Amino acid sequence: MEQLRKELTDHIDKKLDSLVTTVPGATKPTAGFQRVVQRAILHNSKSGRAETTGADVVVALFAGELESFAVKFLHKQGMTRIDAENYIANGRDKPLDGGQSG
């Protein structure tokens, strides 16, 4: 997790600094982010689930944004779409350090 945190922080600090604004209300979600959230909500709606969680958004990332930095960082840490789906279905996860959890 520490390596993932460092890589994300570095990416945000170095690659996304041009997105920083001090104007209140000037921030807007990107088209990619909106697609991911809409995909997660639509999938849950079709599945009869009323609530969409962060885990659902991660599955939606893997489902349609394979070239995103988020998915690349998660893949680098060994996480897959199946891991995210298993977490939602079973409440279990696979630790990013390669250990076993139950």
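Only Cα pairs under 8 Å and 6+ residues apart enter the sum, and on that basis the relative contact order of the chain stands at 23 percent.
All C-alpha pair distances within the chain, sorted into 5 Å bins from zero, spread as 2, 11, 18, 21, 20, 15, 9, 4, 1, 0 percent across the bins.
Taking every DSSP helix (H) stretch of at least 4 residues in the chain, weighting each as -39,500 (n - 2.57) and dividing the sum by the residue count yields a mean residue ellipticity at 222 nm of -18000 deg cm²/dmol.
The lysines whose alpha-carbon is closer than 20 Å to the alpha-carbon of Lys72, local same-chain residues fewer than 8 away aside, are Lys6, Lys14, Lys15, Lys94.
Readers should treat all values here as calculations from the given coordinates under stated rules, not as data from a laboratory. Please read all numbers here as calculations on a predicted model, not as lab measurements.
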